[in-house]
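Asker: Please read through the structure below; I'll follow up with questions.
The values are calculated or read from the model by the stated rules, or taken from the named source; none is laboratory data. These figures come from a predicted structure and were not determined experimentally. We place every Cβ from the backbone using ideal geometry, glycine too, and count neighbours over all the protein chains shown.
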Amino acid sequence: MEIAPLKIGGFTARSRLIVGTGKYLTGGEPDYDLMRRALDASGCDVVTVAVRRERLYDEQGRSLLDFLDLKRYTILPNTAGCFNADDAIRSARLGRELLEGMENPGSKWVKLEVLADRKTLLPDPLETVRAAEKLIDEDFVVLAYSNDDPVLATRLKAAGCASVMPLGSPIGSGQGVLNPNNIRIILEQLKDDDPDYPVIVDAGVGTASDVAIAMELGADGVLLNTGIAGARDAVSMASAMRHALEAGYLAFRSGRIPRKLYATASSPIEGTIAAAAAVAE
């Protein structure tokens, strides 16, 4: 079975794994070489970049974008660090302006993040919907980061978002998918009249099994950053995430066996030596 491309709006990605570009550090300093090697090992072709101006440049004035192959990767600008709709809208416009000058197709879309507070980094549902509606009016292809709330997910799709991205657990927490039933409900509701509508699990991934679980639930893709960048061996972990996504994708489409309370023998008892002896008696 082939891994089908991921389609979002007018975009097509070969890989269903979307990887972030933050937190790659060595000795407390940004390590762009490590980032590039991890991205390569992940097999991704879409990478997210926080486009707020103070986040795009390091202390040496180097731009993160200078270390990315813009012919290989489609940049997905994100509005990380925004805590109200107005800031997120300005950030999205900045991303469009930057990438249009670089002739990268990522200028046409945005990963919308509007956070409620700095402690939990959970999405603010009201501000997220408000920002989404405005950006859609401005012809952005909006991928909306949201709580694992079926009602909010339905509202974001109805507003015109090209993809809804419910969290597995809080950003950077590494807790994996805490509410699989909520993700199942979101998938059921958003795909009921549109089976191809893309739902991507975003945030909280800590290790490869978390990616596999998200895909086994039926998610169309997974977006992660810290799970790779914060690993002891980021490049090796990136490879593990890649294989886990493929395994989860294939497992979901292969159809798992139902869970049962009691055992079921893999080999039937009929025809065995013990069974034949019992019949003879």
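Asker: Look through the range 20-39, keep the residues that are in a helix (DSSP H, G or I) and without any contact (Cβ under 8 Å) to a residue 40 or more places away in the chain, and return whichever of them is farthest from residue 113 (Cα to Cα).
Answerer: Pass one, the range 20-39, residues in a helix (DSSP H, G or I): 32-39.
With without any contact (Cβ under 8 Å) to a residue 40 or more places away in the chain added as a condition, the list becomes 32-33, 36.
Working: 32: 24, 33: 27, 36: 24 Å.
Here the answer is 33.
Asker: What do you reckon, is residue 64 under 30 Å from residue 40 (Cβ atoms), in contact (Cβ under 8 Å) with a residue 12 or more places away in the chain and not β-branched (Val, Ile, Thr)? So that I can check it myself, show each step before the final result.
Answerer: Values: under 30 Å from residue 40 (Cβ atoms): yes; in contact (Cβ under 8 Å) with a residue 12 or more places away in the chain: yes; not β-branched (Val, Ile, Thr): yes.
Considered against the rule, which asks whether it is under 30 Å from residue 40 (Cβ atoms), in contact (Cβ under 8 Å) with a residue 12 or more places away in the chain and not β-branched (Val, Ile, Thr), residue 64 comes out as yes.
Asker: Also, I was wondering about something else. Report yes if some residue within the range 189-197 is closer than 15 Å to residue 18 by Cα and either part of a loop (DSSP other than H, G, I, E, B) or among the basic types (Lys, Arg) (or both); otherwise report no.
Answerer: Let us first name the residues in the range 189-197 that are closer than 15 Å to residue 18 by Cα, namely none.
No, every residue in the range 189-197 fails to be closer than 15 Å to residue 18 by Cα and either part of a loop (DSSP other than H, G, I, E, B) or among the basic types (Lys, Arg) (or both).
Asker: Can you find a residue in the range 175-182 that is buried (at least 18 other Cβ atoms within 10 Å of the Cβ), in contact with a Leu (Cβ under 8 Å, 6 or more places away or on another chain) and farther than 15 Å from residue 129 by Cβ?
Answerer: Checking the range 175-182: at least one residue is buried (at least 18 other Cβ atoms within 10 Å of the Cβ), in contact with a Leu (Cβ under 8 Å, 6 or more places away or on another chain) and farther than 15 Å from residue 129 by Cβ.
Asker: Here's a follow-up. Residue 76: of a type outside the set (D, E, K, R), surrounded by 20 or more Cβ atoms within 10 Å (Cβ to Cβ), more than 25 Å from residue 204 (Cβ to Cβ) and in contact with a Ser or Thr (Cβ under 6 Å, 6 or more places away or on another chain), yes or no? Steps first, answer last, please.
Answerer: Working: of a type outside the set (D, E, K, R): yes; surrounded by 20 or more Cβ atoms within 10 Å (Cβ to Cβ): yes; more than 25 Å from residue 204 (Cβ to Cβ): no; in contact with a Ser or Thr (Cβ under 6 Å, 6 or more places away or on another chain): yes.
No; evaluated as a whole, the condition is false for this residue.
Conditions (1) within 14 Å of the chain's Cα centre (by Cα); (2) within 22 Å of residue 164 (Cα to Cα), marked per residue:
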| site | (1), (2) |
| --- | --- |
| 9 | no, yes |
| 15 | yes, yes |
| 27 | no, no |
| 40 | no, no |
| 44 | yes, yes |
| 48 | yes, yes |
| 60 | no, no |
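Asker: Please state which one of 218, 227 is within 30 Å of residue 153 (Cα to Cα), modelled with pLDDT of 95 or more and in a helix (DSSP H, G or I).
Answerer: 227
Asker: All but one of (1) touching a Phe, Trp or Tyr at 6+ places or on another chain (Cβ under 7 Å); (2) part of a loop (DSSP other than H, G, I, E, B) hold for residue 118; state the number of the condition that does not hold.
Answerer: Every condition holds for residue 118 apart from (1).
Asker: Within the range 185-215, which residues are surrounded by fewer than 23 Cβ atoms within 10 Å (Cβ to Cβ), without any contact (Cβ under 8 Å) to a residue 60 or more places away in the chain and charged (D, E, K, R)?
Answerer: Selection gives 188, 191, 192, 193, 194.
Asker: Additional query: Checking the condition within 20 Å of the chain's Cα centre (by Cα) and either under 21 Å from residue 226 (Cβ atoms) or touching a residue at least 12 places away in the same chain (Cβ under 8 Å) (or both), which residue from 144, 159 passes?
Answerer: Exactly one of 144, 159 is within 20 Å of the chain's Cα centre (by Cα) and either under 21 Å from residue 226 (Cβ atoms) or touching a residue at least 12 places away in the same chain (Cβ under 8 Å) (or both), namely 144.
Asker: If you go through the range 241-253 one residue at a time, do you hit one that is surrounded by fewer than 16 Cβ atoms within 10 Å (Cβ to Cβ), farther than 28 Å from residue 115 by Cβ and touching a residue at least 40 places away in the same chain (Cβ under 8 Å)?
Answerer: Checked against the condition, which is being surrounded by fewer than 16 Cβ atoms within 10 Å (Cβ to Cβ), farther than 28 Å from residue 115 by Cβ and touching a residue at least 40 places away in the same chain (Cβ under 8 Å), the range 241-253 yields at least one hit.
Asker: Which one of these does residue 4 not meet: (1) assigned to a helix (DSSP H, G or I); (2) surrounded by fewer than 20 Cβ atoms within 10 Å (Cβ to Cβ)?
Answerer: Residue 4 satisfies every listed condition except (1).
Asker: Has the range 87-98 got at least one residue that is under 24 Å from residue 210 (Cβ atoms) and either over 18 Å from the mean Cα position of the chain (by Cα) or not in a strand (DSSP E or B) (or both)?
Answerer: Within the range 87-98 (the criterion being under 24 Å from residue 210 (Cβ atoms) and either over 18 Å from the mean Cα position of the chain (by Cα) or not in a strand (DSSP E or B) (or both)), the answer is no, since none of the residues qualifies.
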